[in-house]
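One structure below.
The values are calculated or read from the model by the stated rules, or taken from the named source; none is laboratory data. Note that the structure is predicted; figures quoted are calculated from it, not measured. Here the Cβ positions follow ideal geometry from the backbone for every residue, glycine too, while neighbour counts run over all protein chains shown. Only protein heavy atoms, including side chains, enter the accessible area calculation; ligands, DNA and RNA are left aside. Shrake-Rupley method; radii C 1.70, N 1.55, O 1.52, S 1.80 Å.
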Protein chains: 2
Amino acid sequence: MTGDRSTPLESLETPALVIDVARLERNLERWQRYCDEAGLANRPHVKTHKSIEIARRQVALGARGITCQKLGEAEVMVEAGIDDVLIPYNLLGNGKLERLSSLLGRARISVSVDDVRLLVGLAAAARTAGRELEVSVECDTGMGRAGVQSPEAAVELAAVIARADGLRFGGFVTYPAPAGAAAFLQAAVDGARACGLEVPVVSAGGTPGMWHARELMPTVTEYRAGTYAFHDRATVAAGAAGLEDVAVTVHATVASRPTRDRAIVDAGSKALAYDPGPGSGHGLILEAQGSVIETLTEEHGHVRVCAPDRLELGDRVRIVPNHVCVVSNLFDEFWVARDGAAVGRWPVAARGRSQ
Amino acid sequence: MTGDRSTPLESLETPALVIDVARLERNLERWQRYCDEAGLANRPHVKTHKSIEIARRQVALGARGITCQKLGEAEVMVEAGIDDVLIPYNLLGNGKLERLSSLLGRARISVSVDDVRLLVGLAAAARTAGRELEVSVECDTGMGRAGVQSPEAAVELAAVIARADGLRFGGFVTYPAPAGAAAFLQAAVDGARACGLEVPVVSAGGTPGMWHARELMPTVTEYRAGTYAFHDRATVAAGAAGLEDVAVTVHATVASRPTRDRAIVDAGSKALAYDPGPGSGHGLILEAQGSVIETLTEEHGHVRVCAPDRLELGDRVRIVPNHVCVVSNLFDEFWVARDGAAVGRWPVAARGRSQ
């Protein structure tokens, strides 16, 4: 943490990204305890915070390792000493394979794939590194994103991985885990075992469903949640947390009061991100919960003020983002608040590392 | 420009933000010529590119100065030697006023306001700097954002500015300039003159309407456009440019082909931004213009592939963003391409400077 003296939150320049560190710690501990009690491996997703300090806390509390969505994030985390990273993303192209190879020489790295054509490149990267690469099969269990489309396809790909020189079959990965995911995954596990394959890990993820992770066991053995560290409007709406658990808010200032029912805050789409959330509006103003952030332009949040909210010119407000993961990525640093004062700053170390 | 050797575009790590510098230069020159021929002051908005290199080109071509939406952007630009900056944003709070004062000692800075209560702070900042501060009145001529609501209110505020110690009335500012804006602004100008005030500048803005700026003259004397440097799906849809004028694309790779009609590209909302655009989809894939980027998750662009588009695994594509200004803000640097090769990099120097 950058060693600042304690600073009143009201004096932070807005828009500011502020962590309530007591809530963060409580969120991290509560989930780790759930995983420990359930016997579920916790592999938190760092895309939410992109912060070395938070990743280290997650590992110290007992996480199995971390999840990174991109190589660039993994590079930052390995450089910081995190030594077990899953990248559940198809990696292809010479540049990325060289970077993977370099990482593989420095830490335990595993990846996932959904296409047999990717294996040649991965095997070459492993060969260059002189280390075996663990490769899981990504399964599309309903998200409609990447992933093989059936348990049969998953088993077929698993078998090819298991036979490939330099690669080791790591298991099955999905995100999130909608209804039917456990059946899909169990069918894949059964199929793999019928082919004589061991299935070391079956990994699901997603904060909205995290408190139901136990119901996916014993099929699922590992869980990847990211947003649980901070929570946001989406995970509160999903019932995974209460507003009192939200550990990150964007502090903003009412910069204009052009009409009786319109306020402009100095946080727009470059601070709150336009990504959709539950219900109406682009974030929840904690001090004006009946009012609505109707739209965002780049540096303006357009608020329809509803009585009895006031939102006077110059008022400072705290906004719960719709989707905090994209918001962290817009800032260079978090302000770390404890007992109502900012006590330091943490860099968003992997901000912008989308490559 | 960072002195890289020429690099084939196909070897850039994706997602990458790439400028076609010949198109950029053509866009800058064409608009400057229009302004010169019309006798309109050009004050480009740097929020689009946040790049020192591009701001310098704009000034070298004849821009009157630049526009910054936030103090943080202005600080970067003044540090780089740009000496005339308009910040059309209400500035309030001790921190921002101190920063304004500091900037005012180093460059010609002007601001706008929409509320008389802001003047005390601005006057104090000017006093501290020992320099007069030029303050314009922001007018809401239909955007429904910040700004005074009537020409009468604009004149009233102008008169208070003109009488305030340390402040100089700068004129009227609006964004954009919808139908009726010219009448609003002319009424404000007439009212101000009737009170004995000079109106040095009347400033409108917006790339979509830029080629109609002449029609706002003689009321409007200055124009602030930002996106014109790059163009994007929105400004092409508005008729301000053709696809052949788009100077920035996000280069991406097809990272997964899970089904016959679904492709996943490695550019999601952390590379393309979720901000809405014209028509359907979250960007236009130049190599697959009949296909649709149906949704974005953080690191995945979900594409519905429509024949005859192919989008094979590993294909590289160029995506025209819906709204390029928020996309620049997600990257640390632009790759600069000329004649089909990357010849260097420019930092997005004011990226994240939303404070």
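Can you name every residue in the stretch A:21-42 that is crowded, with 20+ Cβ neighbours inside 10 Å and out of contact with any helix residue (DSSP H, G or I) (no Cβ under 9 Å at 6 or more places or on another chain)?
Across the stretch A:21-42, the qualifying residue is only A:VAL21.
Restricting attention to the stretch B:19-72, which residues are within 14 Å of chain A (Cβ to nearest Cβ) and more than 30 Å from B:LEU9 (Cβ to Cβ)?
If the condition is that a residue be within 14 Å of chain A (Cβ to nearest Cβ) and more than 30 Å from B:LEU9 (Cβ to Cβ), then B:THR67, B:CYS68, B:GLN69, B:LYS70, B:LEU71, B:GLY72 are the ones that fit.
Taking strands (runs of 3 or more DSSP E) that do not extend beyond the stretch B:1-114, which have at least 2 residues that are closer than 24 Å to B:LEU243 by Cβ and under 20 Å from the mean Cα position of the chain (by Cα)?
Of the strands (runs of 3 or more DSSP E) lying wholly inside the stretch B:1-114, those with at least 2 residues that are closer than 24 Å to B:LEU243 by Cβ and under 20 Å from the mean Cα position of the chain (by Cα) span B:16-20.
Mind listing whichever residues of the stretch B:120-135 are open to solvent by less than 10 Å² (accessible area, probe 1.4 Å) and closer than 23 Å to B:ARG193 by Cβ?
Across the stretch B:120-135, the qualifying residues are B:LEU133, B:VAL135.
May I ask you to say which residue of A:ALA267, A:ALA342 is open to solvent by less than 40 Å² (accessible area, probe 1.4 Å), out of contact with any Asp or Glu (no Cβ under 6 Å at 6 or more places or on another chain) and within 20 Å of B:SER269 (Cβ to Cβ)?
Every option except A:ALA267 fails the conditions.
Scan A:GLU312, A:GLU298 and give me the residue that is within 11 Å of chain B (Cβ to nearest Cβ), more than 21 Å from A:HIS231 (Cβ to Cβ), acidic (Asp, Glu) and out of contact with any Ser or Thr (no Cβ under 8 Å at 6 or more places or on another chain).
A:GLU312
If I go through the stretch A:247-291 residue by residue, how many of them are among the polar types (S, T, N, Q), within 11 Å of chain B (Cβ to nearest Cβ) and part of a loop (DSSP other than H, G, I, E, B)?
Selection size over the stretch A:247-291: 1.
On the given criteria, is A:ALA158 part of a helix (DSSP H, G or I), touching a Pro at 6+ places or on another chain (Cβ under 7 Å), open to solvent by less than 20 Å² (accessible area, probe 1.4 Å) and touching a residue at least 24 places away in the same chain (Cβ under 8 Å)?
Taking the combined requirement at face value, the residue does not satisfy it.
Considering (1) open to solvent by 40 Å² or more (accessible area, probe 1.4 Å); (2) assigned to a helix (DSSP H, G or I); (3) within 14 Å of chain B (Cβ to nearest Cβ); (4) in contact with a helix residue (DSSP H, G or I) (Cβ under 9 Å, 6 or more places away or on another chain), say which one A:ARG117 fails and leave the rest.
Of (1) open to solvent by 40 Å² or more (accessible area, probe 1.4 Å); (2) assigned to a helix (DSSP H, G or I); (3) within 14 Å of chain B (Cβ to nearest Cβ); (4) in contact with a helix residue (DSSP H, G or I) (Cβ under 9 Å, 6 or more places away or on another chain), only one is false for A:ARG117: (4).
Among (1) polar (S, T, N, Q); (2) in contact (Cβ under 8 Å) with a residue 60 or more places away in the chain; (3) more than 23 Å from A:PHE334 (Cα to Cα), where does A:THR67 come up short?
(3)
Evaluate the stretch A:78-98: report whether one residue or more is more than 14 Å from chain B (Cβ to nearest Cβ), open to solvent by less than 10 Å² (accessible area, probe 1.4 Å) and either farther than 24 Å from A:MET210 by Cα or small (Gly, Ala, Ser) (or both).
There is no residue in the stretch A:78-98 that is more than 14 Å from chain B (Cβ to nearest Cβ), open to solvent by less than 10 Å² (accessible area, probe 1.4 Å) and either farther than 24 Å from A:MET210 by Cα or small (Gly, Ala, Ser) (or both).
Looking at B:HIS302, B:HIS282, which is the one that is open to solvent by 10 Å² or more (accessible area, probe 1.4 Å), over 30 Å from B:GLY72 (Cα atoms) and in contact (Cβ under 8 Å) with a residue 24 or more places away in the chain?
Answer to the selection: B:HIS302.
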